[in-house]
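The values are calculated or read from the model by the stated rules, or taken from the named source; none is laboratory data. As the structure is a computational prediction, the values presented were derived from the model and not from experiment. Cβ coordinates were reconstructed from backbone atoms using ideal geometry, including for glycine residues, and neighbour counts include every protein chain displayed. What goes into the accessible areas is simple: the full protein's heavy atoms, side chains included, and nothing from ligands, DNA or RNA. Shrake-Rupley method; radii C 1.70, N 1.55, O 1.52, S 1.80 Å.
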Amino acid sequence: MKPDRKLRIALVGLGTWARTGHLPLYLSPRFQPLVDVKALCGRSMEKTGKWAKDFNIPRAYDDYESLLRKEELDAMVVCTPDHAHFDYIMAALEAGLHVLVEKPMAMDMDQCRAIAAKAIEKQKKVITLFHKRADPMWAEAGRRIRAGDFGAFRMGWAGIQNPVIVPNSNYFMSDLSAHSDPNWFLGTHFYDLLRYMTGLNPVSVRAHRFKNRAPENSSENTDSVKADFILENQGAISIFLSWNLSKQYPSLTKQDMRLHFDNAEIDLDGTKRGFTQDSRDGYKYVNPYFMRETDFGIAGYAADFLESAIISILDANRALPVDLPSLEDSWWATAMASAVEASAKALDYADIEPFPIHFKQ
């Protein structure tokens, strides 16, 4: 059953994921009953106008404040790079809009506090797009863990990696590696995922970060991180993060977990999900579960997540197939990444700042 009205949205930040993910989804037959894309906003009117024409969107802006003044909207979609979310989120909330934002919600705990306070004041949703929650593999493992099928969580390891083409090529339309690193870009995905799967909050972390001197990696910033978390039940998990896999690696993302419990051990391979493809373009792992074209529109867990997020704004009482992250969940992901950064800098353990009690609703 579809809602009886459409969500009026605008999108700010014209990058890779806006072009290949958000806009094709919103304009697909599946999303047409749900969404009305009113406008785009980017730094260049020339580029924004071209995108608006390409995607048949009514209006284009290069001034965010002007967009907020002139458009009648329900929600803003923030697709700017990792470090450039805060100002757009705050302005959208101040204008009385809900927000869908790419992860992480923010890269600073003071910014998290400000966003949480403003969202609560305005009674608006801020939904960070942790789409791995909609992936059936991780979601079902989490359901079984939280149901107690395996007993108490004890220890484990997890890894998520990218090849060097992510920070050091034109894969993204911004200089990602100058402002972010694997802790923020990759780690926040798994920080949220592990809290979601285990139902446990982290307490502290000891982290190490490294630079790669390989000739093909031109980034001067951190390109790999190891973070050892202690959880509230005294369980422990090590997380490996990097974007220094070779250019020839057959997948854009390598990701896996091994988790130990009182009564079981589970292995989860998030890389070799679908099939392999050996063609003139090279040898590749193909994951059709993320996003794929069908006769009924775009399918996959990326679409499932966004559809649930949109419906949650249109109808707050609707039961949803995806456990969307709350404001508190988004806080924890940033708090974990901030503690990893602090620990690596101090070469010592760092405590993780919990969600403030006065923000709990």
Item checked: Residue among GLU293, GLU307, GLU328 that is assigned to a strand (DSSP E or B), on the phi < 0 side of the Ramachandran plot and among the acidic types (Asp, Glu) -> GLU293
Note to self: Quick check on segment 262-273. Is at least one of its residues within 30 Å of GLY13 (Cα to Cα) and in a strand (DSSP E or B)?
What the structure shows: no
Item checked: Unique residue being of a type outside the set (S, T, N, Q), surrounded by fewer than 17 Cβ atoms within 10 Å (Cβ to Cβ) and modelled with pLDDT of 95 or more when the list is ARG154, ARG146 -> ARG146
Checklist line | Candidates GLY13, GLY21 - the one that is out of contact with any Gly (no Cβ under 9 Å at 6 or more places or on another chain), buried (at least 16 other Cβ atoms within 10 Å of the Cβ) and under 21 Å from HIS83 (Cβ atoms) | finding: GLY21
Notebook entry, point to check: Given the structure, is ARG59 modelled with pLDDT of 95 or more, surrounded by fewer than 17 Cβ atoms within 10 Å (Cβ to Cβ) and of a type outside the set (A, V, I, L, M)?
Noted result: yes
Notebook entry, point to check: Of all the residues that make up segment 63-77, how many are in a helix (DSSP H, G or I) and under 25 Å from PRO182 (Cβ atoms)?
Noted result: 0
Next item on the list: Quick one: which residue in PRO325, PRO321 is over 20 Å from THR188 (Cα atoms) and within 22 Å of the chain's Cα centre (by Cα)?
Entry: PRO321
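A quick yes/no check of all residues on (1) in contact with a Cys (Cβ under 8 Å, 6 or more places away or on another chain); (2) over 25 Å from LEU14 (Cα atoms); (3) free of Cβ contacts under 8 Å to residues at least 24 places away in the same chain:
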| residue | (1), (2), (3) |
| --- | --- |
| ARG113 | no, yes, no |
| ALA116 | no, yes, no |
| ALA139 | no, yes, no |
| ARG143 | no, yes, yes |
| ARG154 | no, yes, no |
| GLY159 | no, yes, no |
| ASN162 | no, no, no |
| PHE172 | no, no, no |
Notebook entry, point to check: Counting residues that are closer than 29 Å to TYR289 by Cα, which helices (runs of 4 or more DSSP H) fully inside segment 78-172 reach at least 1?
Noted result: 136-146, 165-168
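Conditions tested, residue by residue: (1) open to solvent by less than 50 Å² (accessible area, probe 1.4 Å); (2) small (Gly, Ala, Ser).
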| site | (1), (2) |
| --- | --- |
| MET257 | yes, no |
| THR271 | yes, no |
| GLY282 | yes, yes |
| ALA303 | yes, yes |
| ARG318 | no, no |
Margin query: Consider segment 334-360. How many of its residues are farther than 20 Å from PHE190 by Cβ and open to solvent by 50 Å² or more (accessible area, probe 1.4 Å)?
Written below: 7
Margin query: Suppose the filter is in contact (Cβ under 8 Å) with a residue 60 or more places away in the chain, of a type in the set (A, V, I, L, M) and within 24 Å of GLY96 (Cα to Cα); does LEU11 pass it?
Written below: yes
Notebook entry, point to check: Name the residues in segment 322-349 that are more than 15 Å from VAL225 (Cα to Cα) and either touching a residue at least 60 places away in the same chain (Cβ under 8 Å) or among the aliphatic types (A, V, I, L, M) (or both), would you?
Noted result: VAL322, ASP323, LEU324, PRO325, LEU327, ASP329, SER330, TRP331, TRP332, ALA333, THR334, ALA335
Next item on the list: Could you identify the single residue in LYS125, LYS132, LYS103 that is under 25 Å from ALA178 (Cα atoms) and either open to solvent by 10 Å² or more (accessible area, probe 1.4 Å) or among the β-branched types (Val, Ile, Thr) (or both)?
Entry: LYS103
